[in-house]
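Chemist: Okay, handing you the structure first.
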Amino acid sequence: MVENVIIMGAAGRDFHNFNVYFRGNPRYHVVGFTATQIPNIDGRCYPAVLAGEEYPEGIPIHPDRDLARLIREHRVDLAVFSYSDVPHTEVMHKAAVVTAAGADFIIIGAPYTMLSSTRTVISVCAVRTGCGKSQTSREVLRILQGMGKRAVSVRHPMPYGDLTEQVVQRFAVHTDMDRHRCTIEEREEYEPVIDMGIPVYAGVDYEKILRAAETEADVIVWDGGNNDTPFYKPDIHIVVFDPHRAGHETAYHPGETNMLMADIAVINKVDSADPEKVLQVRRTIERHNPSAGIVLADSAVIPDDPAAIRGKRVLVVEDGPTLTHGEMTFGAGVIAARRFGAAERVDPRPYLEGSLIRTFADYPRIDRLLPAMGYGPDQIRDLEATINRTPCDLVLAATPIDLARLITVRHPVQRIRYTYRDNSRPTLAELLLKRLSA
């Protein structure tokens, strides 16, 4: 008997699960994907060239709100939960919708979807979006550079454009990002690594991506997305924790899975967190995964000119996903505004343009700051217009990219960089070298 399947996703894990678990499997017929979290990714089609000969018309991608109707109309047997950074309670609410509509609900075990490499693989993942995973990945790459290793970064997928053009992507210079028409979210991940002289791979088919990356690397660093588990089987699994959200490490899917699998646990942002919350996270790790090595780290906030912030009315622009599905109410920009004496954080909400109005409606926790939303050209234009309409003395751009390179800002702009820094011993390098030599 062939089972009808719906894969519930957000343009990333869902496609990978299809590629490695369902494509070419005669036991299953995938009738569709559902999409959530990311704007404007439903209404597309997973193309036939990627789906395989069993799907000559490709596979449609529907809005998540249509899930129950689709299960009934297509007599779906199995709904596969395939996206990340979701509260455990919400996962089970989705399970209730699925089972009430008449299908089974499953989450595929993490090891089943991990591809094996001929190279050493170090994965860097997190328990929530916005923990500081990307800066930790870059620190791992710096350590490997110092060892003389040839390293490449493979980034969790962000395939928001034409999927047929994104099967395997390689980014080595800034113009590669222009050529692939990257979103702001993609640029935030790729640009800082490219600036280190290290190639970044991404795309849709992670088997093909892996084989391409293996041709130029001794070590592959898997740079995870949200709090998802790795697509590649890691030799060393590093997981980043955020004490500003102590307790979330056991409350979100699949972040708790990452915690349980971690070889090295990095408790980040120690310099700005409540020491009691740091201790709480440490005790949770020790209780649930006592074999993990624990590293304490700072997220060092570095303005271009700290003195220029003092006394200014500032508009703070933060990393988008950290504020949206990451549920943070502040980031490095807010910390810089407080630490370096800004007179006021200007509220952008009266000046929102276009799609950003919907963003603030969907995420009402966002306060007097602006997420750097830019999932497409229209949203980037909305971001530019909102910044320029907001009356301020200075824009604090606390995203990992040079925002002024993408948009024209009429106000003075100061970049707020944030980077990994060891807080104490053992350092990340010490534990990483110990694991590599084991």
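Chemist: Closer than 14 Å to V140 by Cβ, open to solvent by 10 Å² or more (accessible area, probe 1.4 Å) and in contact (Cβ under 8 Å) with a residue 60 or more places away in the chain: is that true of P192 in this structure?
Modeler: Answer is yes for this residue.
Matching residues to (1) without any contact (Cβ under 8 Å) to a residue 24 or more places away in the chain; (2) of a type in the set (V, I, T):
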| site | (1), (2) |
| --- | --- |
| V31 | no, yes |
| A35 | no, no |
| C45 | yes, no |
| E57 | yes, no |
| P60 | no, no |
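Chemist: So G255 ticks every box in (1) open to solvent by 10 Å² or more (accessible area, probe 1.4 Å); (2) more than 19 Å from Y420 (Cα to Cα) but one. Which box is left unticked?
Modeler: (1)
Chemist: Additional query: Please go through segment 133-171 and give me each residue that is buried (at least 23 other Cβ atoms within 10 Å of the Cβ), of a type in the set (S, T, Y) and under 16 Å from E185 (Cβ atoms), ordered by number.
Modeler: Within segment 133-171, S134, S137, S153 meet the criteria.
Chemist: May I ask you to verify whether V221 is within 17 Å of L141 (Cα to Cα), surrounded by 24 or more Cβ atoms within 10 Å (Cβ to Cβ) and of a type outside the set (S, T, N, Q)?
Modeler: Criteria met by V221.
Chemist: Go through (1) closer than 28 Å to P371 by Cβ; (2) part of a loop (DSSP other than H, G, I, E, B) one by one and return the number of the condition G24 breaks.
Modeler: Among (1) closer than 28 Å to P371 by Cβ; (2) part of a loop (DSSP other than H, G, I, E, B), G24 violates only (1).
Chemist: Could I ask something else about it? Of H16, H29, H74, H88, which residue is under 27 Å from K208 (Cα atoms) and surrounded by fewer than 20 Cβ atoms within 10 Å (Cβ to Cβ)?
Modeler: The unique qualifying residue is H29.
Chemist: A further question follows. Which number in (1) surrounded by 17 or more Cβ atoms within 10 Å (Cβ to Cβ); (2) at pLDDT below 95 marks the one condition that N40 misses?
Modeler: That leaves (1) as the condition not met.
Chemist: Could you check segment 311-354 and list, in sequence order, the residues that are surrounded by fewer than 20 Cβ atoms within 10 Å (Cβ to Cβ), more than 19 Å from V301 (Cα to Cα) and hydroxyl-bearing (S, T, Y)?
Modeler: Passing the criteria: only Y351.
Chemist: Please go through segment 34-59 and give me each residue that is part of a loop (DSSP other than H, G, I, E, B), under 28 Å from D378 (Cα atoms) and among the hydroxyl-bearing types (S, T, Y), ordered by number.
Modeler: T36
Chemist: Which pairs have Cβ atoms under 6 Å, sit 6 or more apart or on different chains, and link a residue in segment 1-27 that is within 12 Å of Y46 (Cβ to Cβ) to one that is of a type in the set (A, V, I, L, M, F, W, C) and in a strand (DSSP E or B)?
Modeler: Within 6 Å, the pairs are I7/F33; I7/V80; G9/F33; D14/I7; D14/F33; F18/I7; F22/V30.
Chemist: Which residues, counting only those in segment 260-285, are within 13 Å of C131 (Cα to Cα) and touching a residue at least 60 places away in the same chain (Cβ under 8 Å)?
Modeler: V266, N268, K269, V270, S272, listed by residue number.
Chemist: Within segment 208-248, restricting attention to residues that are part of a helix (DSSP H, G or I), of a type in the set (D, E, K, R) and out of contact with any strand residue (DSSP E or B) (no Cβ under 6 Å at 6 or more places or on another chain), which residue is nearest to C125 (Cα to Cα)?
Modeler: Per the stated criteria, the residue is R245.
Chemist: Can you tell me which residue is farthest from G148 (Cα to Cα) among those in segment 420-438 that are of a type in the set (S, T, Y) and surrounded by fewer than 18 Cβ atoms within 10 Å (Cβ to Cβ)?
Modeler: S424
Chemist: Report, by residue number, each residue of segment 378-396 that is modelled with pLDDT of 90 or more and either farther than 13 Å from P348 by Cα or not β-branched (V, I, T) (or both).
Modeler: R381, D382, L383, E384, A385, N388, R389, P391, C392, D393, L394, L396
Chemist: Examine segment 261-275 for a residue that is surrounded by fewer than 17 Cβ atoms within 10 Å (Cβ to Cβ) and either within 27 Å of R119 (Cβ to Cβ) or hydrophobic (A, V, I, L, M, F, W, C) (or both), and state whether such a residue exists.
Modeler: No, because not a single residue in segment 261-275 is surrounded by fewer than 17 Cβ atoms within 10 Å (Cβ to Cβ) and either within 27 Å of R119 (Cβ to Cβ) or hydrophobic (A, V, I, L, M, F, W, C) (or both).
Chemist: Taking I108 as meeting all but one of (1) out of contact with any Lys or Arg (no Cβ under 9 Å at 6 or more places or on another chain); (2) within 24 Å of V168 (Cβ to Cβ); (3) open to solvent by less than 10 Å² (accessible area, probe 1.4 Å); (4) not charged (D, E, K, R), write down the number of the exception.
Modeler: That leaves (3) as the condition not met.
Chemist: Would you pick out the residues in segment 276-310 that are open to solvent by 50 Å² or more (accessible area, probe 1.4 Å), within 30 Å of A404 (Cβ to Cβ) and among the aliphatic types (A, V, I, L, M)?
Modeler: Correct list: I302, A307.
Chemist: Next question, about the same structure. Applying the selection to segment 61-71, what residues are aliphatic (A, V, I, L, M) and either part of a strand (DSSP E or B) or buried (at least 18 other Cβ atoms within 10 Å of the Cβ) (or both)?
Modeler: I61, L67, L70, I71
Chemist: Hey, can you tell me all the residues within segment 120-132 that are open to solvent by 20 Å² or more (accessible area, probe 1.4 Å) and of a type outside the set (V, I, T)?
Modeler: Matches in segment 120-132: G130 only.
The values are calculated or read from the model by the stated rules, or taken from the named source; none is laboratory data. Here the structure is a predicted model, which is why all the values come from computation and not from measurement. Positions of Cβ are generated from backbone atoms using ideal geometry, with glycine treated the same way; all protein chains shown enter the neighbour counts. The area values use the complete protein model at the heavy-atom level, side chains included, leaving out ligands, DNA and RNA. Shrake-Rupley method; radii C 1.70, N 1.55, O 1.52, S 1.80 Å.
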